[in-house]
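Inspection log for the structure reproduced underneath, given as structure tokens.
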Amino acid sequence: MAELPSVCWESVVTKLPSSSDVSQSSTKLTPRAALLYGIVFMLCGVYPVLLGMGVVPGRPAPDVQPWVVVAAGSMFILAGLAIINGYAIAGGADADGNLPDSAPLFRKVTQYVLGLAIVGLMFAVFAWVSFGPGERHFSSSVSVPGLARSGHSSERSGRIAFGIGTVMMGLFLVLAAVSGAKRLWRDLRGGPKAQ
């Protein structure tokens with residue numbers, strides 16, 4: 001096998017992006033892209049909200065409460081607003097997922113409230129599926145290379161699975177609320193950032 005001249009190899013190596021360049025460029029949305037993604041998310045949520053409110057014709061699945069449909073659509077609308085607030089207006093997230101220290105406190109509070117609202121709505125929908133009145137129909141599927149199975153699951157197993165998810169989502173909601181409030185309090189007081 002022929003070897004590449006060292007000058008050629010060095011020029012290739014020096015032109016390769018470093019891992020920090022790749023991670024920064026792959027996690028940063030341009031303001032225009034953030035605005036576009038945010039609008040797409042919001043548009044995806046409008047129809048379910050209007051359907052749940054009875055404004056547009058259509059009917060959700062039997063036994064699904066209208067508020068559940070509104071909550072599902074609202075999650076998309078709030079996610080779109082969070083993308084626009086976090087990336088198009090506040091300048092994007094740091095490597096740890098937080099808005100940069102230079103972002104105005106109002107933007108950080110807005111992001112905090114949007115995030116809590118999204119997780120709170122997810123918790124409410126999970127809780128309704130797990131513990132709400134009415135019959136539920138679940139399906140399950142397993143897919144591994146060379147084998148794919150799907151079928152109906154019992155109502156009990158589906159409710160148990162969603163019940164576990166509800167508890168986990170509730171814990172996440174509490175932890176996110178507490179840690180986010182502490183971070184906002186530190187920012188408000190101008191204290192050091194916790195590591």
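From the list GLY163, GLY191, which residue is over 20 Å from PRO48 (Cβ atoms), modelled with pLDDT of 85 or more, not in a strand (DSSP E or B) and not β-branched (Val, Ile, Thr)?
Working: GLY191 fails: modelled with pLDDT of 85 or more.
The match here is GLY163.
Out of (1) under 30 Å from THR30 (Cβ atoms); (2) loosely packed, with under 11 Cβ neighbours inside 10 Å, the odd one out for VAL144 is which?
Single failed check for VAL144: (1).
For the condition among the polar types (S, T, N, Q), assigned to a helix (DSSP H, G or I) and surrounded by fewer than 18 Cβ atoms within 10 Å (Cβ to Cβ), what is the one hit in SER157, SER150, SER102, SER130?
Values: SER150 fails: assigned to a helix (DSSP H, G or I); SER102 fails: assigned to a helix (DSSP H, G or I); SER130 fails: surrounded by fewer than 18 Cβ atoms within 10 Å (Cβ to Cβ).
One residue alone meets the criteria, SER157.
With respect to LEU184, is the statement that it is touching a residue at least 24 places away in the same chain (Cβ under 8 Å), over 21 Å from ALA71 (Cβ atoms) and exposed (fewer than 12 other Cβ atoms within 10 Å of the Cβ) true?
On the way: touching a residue at least 24 places away in the same chain (Cβ under 8 Å): yes; over 21 Å from ALA71 (Cβ atoms): yes; exposed (fewer than 12 other Cβ atoms within 10 Å of the Cβ): no.
When the stated conditions are applied, LEU184 does not pass them.
Kindly indicate whether any position in segment 109-122 is under 19 Å from ALA71 (Cβ atoms) and either among the aromatic types (Phe, Trp, Tyr) or loosely packed, with under 10 Cβ neighbours inside 10 Å (or both).
Going residue by residue through segment 109-122, those that are under 19 Å from ALA71 (Cβ atoms) are 113-122.
Checking which are either among the aromatic types (Phe, Trp, Tyr) or loosely packed, with under 10 Cβ neighbours inside 10 Å (or both) leaves us with none.
No, every residue in segment 109-122 fails to be under 19 Å from ALA71 (Cβ atoms) and either among the aromatic types (Phe, Trp, Tyr) or loosely packed, with under 10 Cβ neighbours inside 10 Å (or both).
Does segment 132-147 include one or more residues that are at pLDDT 90 or above and aromatic (Phe, Trp, Tyr)?
For segment 132-147, residues at pLDDT 90 or above and aromatic (Phe, Trp, Tyr): absent.
Out of ALA82, ALA88, I need the residue that is among the small types (Gly, Ala, Ser), assigned to a helix (DSSP H, G or I) and at pLDDT 90 or above. Which one?
Numbers: ALA88 fails: at pLDDT 90 or above.
None of the other options fit; the residue is ALA82.
The values are calculated or read from the model by the stated rules, or taken from the named source; none is laboratory data. This structure is a prediction, so every number in the text was calculated from the model and none was measured. Using ideal geometry, Cβ is built from the backbone for each residue, glycine included, and neighbour counts are taken over all protein chains shown.
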